[in-house]
Structure formats: structure tokens, C-alpha cells
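Q: The following block contains the structure, expressed as C-alpha cells.
Please treat every number below as a calculation from the coordinates, not as lab data. Since the structure is predicted, the reported quantities are computational estimates derived from the model, not experimental observations. Counting neighbours? That spans all protein chains shown, and the Cβs are built from the backbone with ideal geometry, glycine included.
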Amino acid sequence: MRWGSPMSRVRELFEQMDYGPAAEDASFAKAWIGQHGGTFGHWIDGDWTAPARVFDSINPATSECLAKVGTANAADIDLAVRAARRALEPWRQLGPEGRARCLYALARQIQKHARLLAVLETLDNGKPIRETRDIDIPLVARHFYHHAGWANLVESEFPETSPYGVVGQVIPWNFPLLMLAWKVAPALAAGNTVVLKPAEYTSLTALCFAELTRYAGLPDGVLNIVTGDGETGRLLIAHNDINKIAFTGSTDVGREIREVSAGSGKGLTLELGGKSPFIVFADADLDGAVEGVVDGIWFNQGQVCCAGSRLLIQESIEDDFLARLRRRMQTLRVGDPLDKSIDMGAIVHPSQLRTIQAYVDGAIQEGATCWHAEHPLPDQGSYFHPTLVTEVSPAHRIASEEVFGPVLVSMTFRTHVEAIEIANNTRYGLAASIWSENINVALDVASKVKAGVVWINSTNEFDAASGFGGYRESGFGREGGREGLAAYRKHRVDIAPDAAAPVMPGEVTAARPSERLDQTAKLYVGGKQTRPDGGYSRRVASLDGALVGEIGEGNRKDIRNAVEAAHGASGWAKLSAHGRAQVLFFLAENLQSRADEFAYRISHLTGDDGQREVAEAIARVFFYAGWCDKYEGAVHQPPAGKIVLAMPEALGVVGVVCPNRYPLLGLLSLVTPAIAMGNSVIAIPSEQAPLVATDFYQVLETSDVPAGVVNIITGTRATLGQELARHDHVDALWCAVHQELATEVERLSIGNLKQTWTFSGDRDWMDRSLGQSVEFLRRATQVKNLWTPYGE
Ligand code: NDP
């Protein structure tokens, strides 16, 4: 080396600004693996089991085998589920404060062993130590602290609920310990016990955590960890003594789980994939937005479900923005994840590397241009360049499917309306990032983007107090915050005992004609009474077999028309809550003025006390009218300089299959909370007494309910319910039906992964504790968490 004057040396160093190596020491983590003889069994009932079969856990940065890990079979799963079942009672007996102390101790354990966990995570997953040390592990600890608080509060804050029981949890490899924390902390805080399966590629931090539970004083069996591959996950999900399933992973596996668990009565939350938009307006702070892109797509090698993988740039700044981005990409450092000055580490596994490469090759074949900086990659291990793909259209595979790697697709838009259209042109709805210095534009776009999490002038922000989760095929349920905890408690309305089944009318006999004028009721679609598409009618008898009228026999085409009409009524969700309340109050008033007529009809058709049912139905509409402008969101204050608005939004179009008994009360118990929250509804009324629903059209017409907000299709509930389940533009389905039909509609709902909610059809809807609750409003909404920064 040539040494010049000290000043020229300083200049030389300054001009180069090269990083020296800053390797993290992995010996402590490797020693921990060594203490276990390099082989791990399952953690069941507070101790290790000897695994019958093992697989290699590989360091993706070096391809070295780190440890051998057990593959759980059906007997292992059964052992773990039984341990969790036994532990429920001792866990309950600890009481809220005792459980809170355990969660608090877990948070402390994580902090005390933070470096070990961070290094182990980096070794096992390939993500940079900078991220595991500064982001993953601190967030894990924060999650346990936050939920230690909830453990103490849950019984007073969620009074009408109880724990599910044993929860089966399956998590992916991209944030191994963080995903564990997101699942385990709320499940335990809510009073459940857990069997968790980590991903095959990344089991080690879960096993290290399992050992920490011993030092945190967690009773044996409260948390059980079984390792293995997808087959182990499948066995766990299918175990019939699991009460709730919580899954994070791909949409395909999410669909399979929905199908397998259909009709089982198990609670289900799914956190699935995404193809999230990152929208940059011309007036954005462009350098800030470039840093946002780096964070949005190259954090964790792009293996992030909410990665901002679709860059949407306003056309006028495209060249400027892409030039800045390419300049920044030249400075990104890819390499050994244990090096503290590395930006991007290794891809989790060679098979994931091949998937990413195949997407990029496919994009080039489709005419796209793929660009990356010309820095060499390490010659061993699984690495991929941060990559920018241009010359693509939304129809290209790379622009619509989740790559789950460091690949950014760039497109342009002209107006903010077009930005929203392109952003929503995806089957997913997990997250969105919006960059503009104009708060009006940013908030307007945020309110119209279909995503569970929206970041304004920021990206990839997470906090235990703020819920995270998706819309549409990104799954349902939230993790974190109050809404995340609610997903681990079973509400009283879900555990209603069966009431007496209704007495169904027999065959109509022409020999006993109706005492009333002949009536031919039509369907009610888009605010109009329409004839059924098939042209068929069905006779309706009173209990004694007398003909009382005929109804239209709805079919698939009628359901399609009703769905279209319901989507056309989306302005209902934009009406103020006060406006919706006024309409519902008016509805109750108009129902009141025809109370005697409805009461007579109900008594005649069902033999029940019609007066009582009508009175209760009016009260129910009043209840939800009152709630319209009171069921609101929350404001969270995460540790950084941000506020988070947690806003409940309507689900969209809700299908409702009404109970047979209580033809008016059953209808209104389900339809009213759904529309109170801004949804539009397609209702399939009682088959026992459909004429009560068809009489109701006139009440709707006179109550200022906008056309398309409530659509009613009479006919066979089983057939029509299945059509609603199959329809990909129905966002949720509530069914008060018998068990076989409930199973079928859940199974059929996998197309667009709609949320389903099934009740025992024969519950006593007169019982207010079962038929009327804020829980119905919670189920009629999904929370959008909107992050916005403030300050200098
Ligand atoms: P997978 O869905 O393949 O796997 C997720 C977990 O499920 C793993 O533990 C896996 O086991 C297990 N599994 C696989 N098949 C089954 C089955 N049939 N029944 C039960 N469990 C099963 O996803 P990846 O792990 O490959 O993760 C990548 C995908 O996950 C991406 O599409 C990404 O978008 C999504 N994801 C979503 C997140 C979110 O919060 N929404 C977060 C992280 C990822 P094994 O690993 O052993 O195969």
C-alpha cells in the first residue's frame, strides 16, 4: 500500500467510503445448538421428545447444516394436542394476573437473550443481522409486553367471551420468531393453550423460545412446538381436538385449510399473501420515497407478505424517480447476513431462489426489462440481486402474482383515480404505501384502497397495538391490537345452544284454499320487484296446509343479478353513519306502523306469537340504528412519531341465509347489523314463511333504503346459499342453517376466501343475549389500520 500525507490519506478514505467487514460472532448461537447435540426433538408438555425422524436445517448464506430437526408425525401431534388440552385448566386457574406475569416474564426472557435469538435467526433464515437485531427481536419482545397487559385485562375488556381452548398455529419462514410472537402472545393472553408448527426452513428460534418458556415459568403444556414440513402442518390443522386454527402463509395453503376445516366449528384466521401497491405522486418527497421503496421491497430480501412490490409512479416523474432509484440501488450491499453493514442477506432456500428466478425469466419472456446493479454476489449460498422490472402492464404475471423475493415491478398512472384503480386491480388486499405531500390526496387514496394496512409516507411499520391483516384473498382476521385479541376469544353468540326446530308446513292441498287474496310475490333486486329468472314459482302453505300464496323460485342468475345490484349500492358505505342511522330508525318506524299485519302473517304461517316477534324485530332495528354512529375505530400511538387510525370498514357485499324460524326477526337480526355498518346484503329468507320477507319489500321501499342495499331472493335456501358461497364477488356469508349446509358453504367459499359465519339455524333468536350484540357489528366490518407520520 502506498502511504501519502495524512491529509491525502483522509481524502482517499473519504472518497472511497468503503465499508470494512463487521462480522457478528456466531459462536454463541452455534454453542447453543451444540448443547443440544445438534439435534432437536419436539417441545411437548414442557420438555423435549426424542424425534423418530429428522431433517437438516440449513444456513442459506453458506449451505452448511446447522442442526437436525424432528419431523412430527400423527402420534407426536396427538401428544402435543393432548398436553395442550390438559394444560387448559391449570392455565385458567392461574387467573388473569398469573397469566400476565408469565407473558411479562417471556418478554423479559426475550430481551435477556436477544442477541442469541437474533444471531440464530440470521443463521437459520439468511436475513441481515441488522434486521434481526434491530427490528425482529425488539418487535417480538414488544409483542409479549403488550399482550402481558392484555392477559390481565381480557376478562374485563371482553366480557361476553371465553377462550377457544386449544389453538393450532402454523407459521411461515420469513419472520420466524416474529410470526411466532404474533400468534403465541395473543393466544396465551386470551387464555388458550397452543400447539405451534414453525416452517421447515426456520425452526431454530421457535425451539430456542420453547426453552425460554421454562425459565419464564410457563406451565407445562401451555405452549407446545412441533416441527416438520407441510405434512406436519396438515396433520395439526386436521386434528379434531383443536378449537381454533391460526395460519400465516400462502393463499393456496390458506384455501386448503379453509376447505379442510369447513364445518368443523373451529375458529379460523388466515394471514395470507399480497401484491401491495407503493404509490408515488408527483408532489412526493422523492428521495424519501426512494428510501421507502428500499424498505418496502428489499427489506428481508423482499420475502415480506406486505412488501410494496408494485411501484406505481405518477407519469410525469417516472424518469426522474427511476433514475434516483437506480442510483440508490447501486449502493445496496448484498452479502453475508452476519455482516452488520449488509443491506440484503440470503434468500431463505435454493428452492425459493429458483422460484424468484423463474418469475424474472418469465417477465423477460413477456417483454419486460429487468435491471439490477452490477455488483458481484457471494459465490456460495442463495443470493439474488435487488431487481427492478419495467415495461410491464398489470396483466403480466410478474405484476399480478406474489414473487416473494427482491423484485420490484414498476408501472405508471396519470390521475389519482387511475392510481386507485391500478392499486385495487389485484385479488389481494394486504397493504398499501402512499407517498404525497398533499394530505388530502393521501387520505382520499388511503380510504379507497382495498387493504388492511395503509402507510402514508412510510412503509413496513408494525406495532403490537395496531392490527395487521388483509382484505380479500390476503385472508381474514387481524393480528395485534384489540382486534387481534378478539380473534382468540369465542363470543357468546357463537356458543348458542340449539333451540327447538320450527314446525314446517306440509304440502299444499288445493282442497283447502287460502282465506286471503291470491298473492304472487316476486324477488327484490336493486330496489325493484322482479320475476325470477327461471320462471318458476313455489306454493306456500300455512301450518294447516292451506295455500297462502306463491313465491318466486330464485336461481343462480337471480343471485348474479342481486350481487350486481348490491355492488351498485356501494354509495351506501359512503353515506355518513348518521345518515344510515336515520334510514334504520325510519325502517323501524314503518315496520311499527304495519306491526299488526306482520304479526298476523307470522302467527298464521308459523304458529308462533307474531306480536312478540314483531315487537322484538322493531327493537332489534332500533338497537342497530342506535349503534350506527357509535361503532367506531381507535387511534393508536405506536412508539415512533406516528399515529395509527384503526377504522372499521364495511366488508362489501354480505350474503345472508336466514333462519327458518322467526321469519322477520331472523331476517332483521342478520340484515340490520350488516347494513348498519355500510354493507349491502343479499338475503335468502326463511323457507317456512318467505311471505313475511316479501311483505317486507314495501317497508324497505317506504323507508329510504337505497336501491340495491337490501336484495331478497326467495327459494331453496340450500341451493341459493351455495350459489352465494361460490360467487367471487360476495365478500362475506352469514348462514343460519343446519350443519351439513354450513359445512358445504364453508367449503365452497374458498374461491375468493370470503369470510363465513355460520350459526345454528335453530337458535332462539328471541333471546337477546344470542341474537343481538355488538359482536354482529364487529363481524360486519374489517379494520383498516392507517399509519401516518407527524412532526418535522
Ligand atoms: P406456505 O403456505 O407454503 O407455508 C406456510 C406454513 O404452512 C409453513 O409452516 C408450511 O410448512 C405449512 N404448510 C404447508 N402446507 C401446509 C398444509 N397443507 N397444511 C398446513 N400447513 C402447511 O408458505 P411459505 O412458508 O412458503 O411462505 C411464503 C408465502 O406465505 C407467501 O406467499 C407469503 O405471501 C405468505 N406469507 C404471508 C404472510 C402474512 O402475514 N399475510 C406472512 C408471511 C408469508 P413448511 O414450511 O414446512 O412447508
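Q: For segment 212-318, taking Cα atoms only, what is the radius of gyration to one decimal and the Dmax to the nearest whole Å?
A: 20.3, 61
Q: Next question, about the same structure. How large is log10 I(q)/I(0) at q = 0.11 Å⁻¹ when the Debye formula is applied to the Cα atoms of segment 643-792, each weighted equally and without solvent?
A: Here the Debye-derived log intensity ratios amount to -0.42.
Q: So, R0 is 51 Å and r is the distance between the beta-carbons of V774 and D56; what FRET efficiency does that work out to, to 0.05? Each step should come with its number before you reach the end.
A: Working: r = 50 Å, r/R0 = 0.99.
Approximately 0.50, to the nearest 0.05.
Q: So which chymotrypsin sites (Phe, Trp or Tyr not before Pro) in segment 1-102 end up in coil per DSSP with only 14 or fewer other C-beta atoms within 10 Å? Before the final figure, lay out the partial values.
A: Numbers: sites: W3, F14, Y19, F28, W32, F40, W43, W48, F55, W91; in loops: W3, Y19.
Hits after loop and neighbour filter: W3, Y19.
Q: By the scheme Lys and Arg +1, Asp and Glu -1, what is the net charge of all other residues having a beta-carbon under 10 Å from that of A181?
A: Details: positive: R142, K183; negative: D136, E479.
Here the count lands on 0.
Q: Give, in nm to one decimal, the length gained when the segment between R531 and H738 is fully stretched (0.36 nm per residue of separation minus the Cα-Cα distance). Walk me through the intermediate numbers first.
A: On the way: separation 207, 0.36 × 207 = 74.52 nm, distance 2.84 nm.
Going from the current span to full extension adds 71.7 nm.
Q: So what is the relative contact order of segment 141-220, in percent, for Cα pairs below 8 Å that sit 6 or more residues apart?
A: Working: 79 pairs, mean separation 27.2, N = 80.
Dividing the mean separation by the residue count of segment 141-220 yields 34 percent.
Q: For T520, T62, what ranking results if the residue with the fewest other Cβ atoms within 10 Å of its Cβ goes first? Spell out each step's value before the answer.
A: Details: T520 11, T62 18.
Ranked by crowding around the Cβ, least crowded first: T520, T62.
Q: Filter the chain for me: DSSP H helices, axial length by Cα at least 27 angstrom, mean Kyte-Doolittle hydropathy not below -0.5. List them by residue number. Walk me through the numbers on the way to the answer.
A: Numbers: long enough: 74-93 (30 Å, -0.37); 137-157 (30 Å, -0.04).
In the chain, the long hydrophobic H runs are 74-93, 137-157.
Q: Right, next: Just going by the charge dipole of the chain, with Lys and Arg at +1 and Asp and Glu at -1 on Cβ, which of Q330, I317, H604 is farthest out on the positive end?
A: About the Cα centre, the residue reaching furthest to the positive side is H604.
Q: Gain in length, Y790 to K557, computed as 0.36 nm per residue apart minus the alpha-carbon separation, to one decimal in nm? Walk me through the intermediate numbers first.
A: Numbers: separation 233, 0.36 × 233 = 83.88 nm, distance 5.04 nm.
Stretched fully, the Y790-K557 segment lengthens by 78.8 nm.
Q: Rg to Rh ratio, segment 354-461, alpha-carbon atoms and Kirkwood radius?
A: Looking at segment 354-461, the ratio lands at 1.01.
Q: Ok, one more. Please rank R414, R397, R328, fewest neighbouring Cβ atoms within 10 Å first, as an exposure proxy. Working shown, then result.
A: On the way: R414 10, R397 14, R328 17.
By the 10 Å Cβ count, ascending: R414, R397, R328.
Q: On to the next question. Rg/Rh for segment 403-455: what does it come to with C-alpha atoms and Rh from Kirkwood?
A: My calculation puts Rg/Rh at 0.96.
Q: Would you list the P(r) distribution for segment 93-150, with all Cα-Cα distances sorted into 5 Å bins from 0 and each bin expressed as a whole %?
A: Reading the bins upward from 0: 4, 22, 24, 18, 14, 9, 6, 3, 0.
Q: Further question on the same structure: How big is the charge dipole of the chain about its Cα centre, in debye rounded to the nearest 20, if each Lys and Arg gets +1 on its Cβ and each Asp and Glu gets -1 on its Cβ?
A: Numbers: 75 positive and 95 negative charges, 164 e Å.
Around 800 debye, computed over the chain.
Q: Still on this model: What relative contact order, as a whole-number percentage, does segment 172-270 give when Cα pairs under 8 Å and 6 or more residues apart are counted?
A: Here the relative contact order equals 26 percent.
Q: List the aspartates and glutamates whose alpha-carbon lies under 17 Å from that of K522, not counting same-chain residues fewer than 8 positions away?
A: Once the sequence-local aspartates and glutamates are set aside, what remains near K522 is D533, E550, E553, D558, E687, D695, E701.
Q: Oh, and also: For the chain, what Kirkwood radius comes out of the mean inverse Cα-Cα distance, in Å?
A: On the way: mean 1/r = 0.0356 Å⁻¹.
After inverting the pairwise mean of 1/r, the radius is 28.1 Å.
Q: Note down the relative contact order for segment 323-468 as a percent, whole number, built from C-alpha pairs under 8 angstrom at least six residues apart. List each step's numbers first, then the result.
A: On the way: 184 pairs, mean separation 22.5, N = 146.
For segment 323-468, the relative contact order is 15 percent.
Q: Antiparallel versus total DSSP beta bridges in the chain: what percent is that, nearest 5? Intermediate values should be presented prior to the final figure.
A: On the way: 39 of 101 bridges.
Roughly 40 percent of the beta bridges in the chain run antiparallel, per DSSP.
Q: Using modelled amide H (1.01 Å from N, peptide plane; none on Pro or chain starts), what sits under 5 Å from the amide H of T530, excluding residues fewer than 5 places away?
A: Result for T530 returns L523, Y524, V525.
Q: Could you give the dipole magnitude of segment 729-789 about its Cα centre, charging the beta-carbon of Lys and Arg +1 and that of Asp and Glu -1, in debye to the nearest 20? List each step's numbers first, then the result.
A: Numbers: 7 positive and 8 negative charges, 71 e Å.
Result for segment 729-789 is approximately 340 debye, rounded to the nearest 20.
Q: In terms of the ratio Rg/(2.2 N^0.38 Å) built on C-alpha atoms, what value belongs to segment 1-88? Don't skip to the end; give the middle numbers.
A: Values: Rg = 24.4 Å, N = 88, 2.2 N^0.38 = 12.1 Å.
Against the empirical 2.2 N^0.38 Å value, I get 2.02 for segment 1-88.
Q: Another question, then. Work out the charge dipole of the chain with +1 on the Cβ of Lys and Arg and -1 on the Cβ of Asp and Glu about the Cα centre, then indicate which of S27, W572, V389 is farthest towards its positive end.
A: S27
Q: Separate question: If you place +1 on the Cβ of every Lys and Arg and -1 on the Cβ of every Asp and Glu, how big does the dipole about the Cα centre of segment 407-464 come out, in debye to the nearest 20?
A: Details: 4 positive and 6 negative charges, 49 e Å.
My answer is approximately 240 debye.
Q: Of S749, S773, how do they rank once you tally other Cβ atoms within 10 Å and put the fewest first? Intermediate results must be reported in sequence, preceding the final value.
A: Numbers: S749 27, S773 18.
Ascending number of Cβ neighbours within 10 Å: S773, S749.
Q: Mind checking which of Q688, V304, G429 is farthest towards the positive end of the chain's charge dipole, using Cβ charges of +1 (Lys, Arg) and -1 (Asp, Glu) about the Cα centre?
A: Most positive-ward Cα: Q688.
Q: Right, next: For the chain, what does the helix formula give at 222 nm: sum of -39500 (n - 2.57) over DSSP H segments with n ≥ 4, over the residue count, nearest 500 deg cm²/dmol? Numbers along the way, then the final one.
A: On the way: 28 runs with 326 residues, N = 792.
Calculated from helices alone, the mean residue ellipticity at 222 nm is -12500 deg cm²/dmol.
Q: Hey, with R₀ at 51 Å, roughly what FRET efficiency would T369 and S264 work out to, going by the Cβ-Cβ distance, to 0.05?
A: FRET efficiency, T369 to S264: 0.60.
Q: I'm checking a number: the convex hull volume of the Cα atoms of segment 72-123, normalised per residue, in Å³. What is it?
A: Values: hull volume 4.6 nm³, N = 52.
Per-residue hull volume (Cα only) is 88 Å³.
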